[in-house]
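Input: a single structure, listed below in structure tokens.
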Amino acid sequence: MSVTAATDREVFLKTSDGKTVVTTLAIISKSAVLKDAAAACIAKGAKIEVDLPSISEVTLHHVIEWLVHHIDEPSLVPERGTPISEWDEDLIARIPLQPERVDLLNAADYLKILPLSDLMISIFARRVNEHRNVDRIAKKLERLHAYSMRFEAQRIGVRRQLVSDGANRVSDVGSRGLEFVHGDFGFSFTTTAA
């Protein structure tokens, strides 16, 4: 029996959090990974059970919701620049947290659902472009510059203080900060300028 001949068979998907989600072969047909796993189970004559150790139940429900909505669409990946459908926009809007959106992208990649993967990449790319403007980048660069200038001033201040305290040798030690050796007491000390 082939996978396409038994599209109404139940498929049991076990998530990383130990939950089992039940769906059908017809719904998972856009996923190359799930389709191949189902074919292997069918060939053995076994119940179709697939472990998904890197996908949570919540993420899997989003994946299945997307698959159910797009079940009648061809599996071809839309061309770049194709507008995102209103339904897809609503699905993504219902996923409030950024890490959950990243989980959905990772699940789409893991399950090899190219249209969903492309949708998520498009959403992330658009979000990056929306928040990218000259003023915002300039402010970020100013903060980085101010931080590096403050760090340099602290490093120079520590060096001056150590020299005035009688250290015989003061040298930079890269990311660890400064090292000085005090000859009178026979010790060396490494400090970081926070």
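Annotations
- Taking 0.36 nm per residue of sequence separation and removing the Cα-Cα distance, the GLU10/GLU57 pair yields an extension gain of 15.2 nm.
- Full extension of the chain between ILE71 and ALA39 gives 9.6 nm of extra length, using 0.36 nm per residue less the Cα-Cα distance.
Each value in this text was obtained by applying a stated rule to the coordinates, not by laboratory testing. In this text, all values refer to a predicted model and were calculated from it rather than measured experimentally.
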